[in-house]
Every structure is written in C-alpha cells, then in structure tokens.
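What follows is a single structure, written as structure tokens, with notes after it.
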Amino acid sequence: MLCAEEPDVASGLLLLSYPLHPPGKPQQLRTQHLPKLQIPVLFVQGTRDPFGSIEEMASAVKLIPAKTKLLPVEGVGHDLGFGGKKRQAALPTTVVSEFKGFFD
C-alpha cells in the first residue's frame with residue numbers, strides 16, 4: 001500500500017503469500033491499491049493458500065499496470081511449505097533466481 005502511494009520508496013516488490021482476502025471470504029478482496037502500483041512486482045504464492053488461489057491471484061495481478069509475475073509454489077499453503085509437512089527446501093534458491101531474473 002505504501003508503494004502505491006509513494007512509488008519512490010522502492011524500485012520493486014517481492015510479495016510472499018500475498019493475503020488477497022481473508023480465508024473463506026473471497027468477496028473481501030484487498031486489491032484497491034493494486035492499480036496504483038507503478039513498480040515491478042513478483043508474487044510468490046502457494047497453490048493451496050486460503051488467502052488467495054492462483055486463479056484469484058492471477059486476476060488481481062492483472063490490475064497492476066507495471067511489470068508483474070506470479071510464481072506458483074505447487075501443493076503448499078500460506079506458509080509456502082516452511083511450517084508444514086511439505087518442506088520446500090529449494091524454494092529460497094528458486095525465489096532468489098526468479099527475483100534476479102525478474103528485476104534484471
């Protein structure tokens with residue numbers, strides 16, 4: 001929200017598990033500020049995140065006029081696999097690689 005109002009605060013955003021809406025309440029979208037974003041945004045989202053499905057995130061990402069990318073993480077929820085049984089040991093390396101490629 002800050003970057004939507006103050007675009008010079010950052011040159012890009014990396015958003016991990018963006019809470020698009022409260023779990024079970026998809027009608028309460030948190031997207032009002034997205035059309036105001038003027039900087040690149042990389043989203044990393046679990047395919048089982050109750051705060052926003054990949055399909056919901058893809059729709060929300062389209063609201064942003066700047067460069068965007070959605071990186072789905074298969075089979076994990078809001079914790080991106082760091083707190084559950086499906087550990088994502090390679091995820092930090094993947095995110096850093098995607099981040100470098102996206103922002104270069």
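Here is how the numbers come out for the structure above:
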{"read-out": "Failed criterion for Ile39 (all others in (1) crowded, with 16+ Cβ neighbours inside 10 Å; (2) out of contact with any Asp or Glu (no Cβ under 8 Å at 6 or more places or on another chain); (3) under 27 Å from Gln27 (Cβ atoms) hold)", "value": "(3)"}
{"read-out": "Criterion: of a type outside the set (A, V, I, L, M), on the phi > 0 side of the Ramachandran plot and without any contact (Cβ under 8 Å) to a residue 40 or more places away in the chain - qualifying residue of Gly75, Gly101, Gly83", "value": "Gly75"}
{"read-out": "Scope the stretch 80-104; condition at pLDDT 90 or above and either of a type in the set (D, E, K, R) or in contact with a His (Cβ under 6 Å, 6 or more places away or on another chain) (or both); matching residues", "value": "Glu98, Lys100"}
{"read-out": "Residues satisfying the stated conditions in the stretch 3-19, i.e. assigned to a strand (DSSP E or B) and either in contact (Cβ under 8 Å) with a residue 40 or more places away in the chain or more than 15 Å from Phe102 (Cα to Cα) (or both)", "value": "Leu14, Leu16"}
{"read-out": "Some residue of the stretch 54-67 being within 17 Å of Phe99 (Cα to Cα), at pLDDT 95 or above and among the charged types (D, E, K, R)", "value": "yes"}
{"read-out": "Residue count for the stretch 59-76, restricted to those that are assigned to a strand (DSSP E or B) and either among the basic types (Lys, Arg) or under 11 Å from Leu15 (Cβ atoms) (or both)", "value": "4"}
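Residues checked against (1) surrounded by 15 or more Cβ atoms within 10 Å (Cβ to Cβ); (2) within 14 Å of the chain's Cα centre (by Cα):
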site: Pro7; (1), (2): no, no
site: Ser11; (1), (2): no, no
site: Leu14; (1), (2): yes, yes
site: Pro19; (1), (2): no, yes
site: Gln45; (1), (2): yes, yes
site: Ala60; (1), (2): yes, yes
site: Leu71; (1), (2): yes, yes
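The values are calculated or read from the model by the stated rules, or taken from the named source; none is laboratory data. What you are looking at is a predicted structure, and each value in this text was computed from that prediction instead of being measured. Cβ sites come from the backbone with ideal geometry, for glycine too, and all protein chains shown count toward neighbours.
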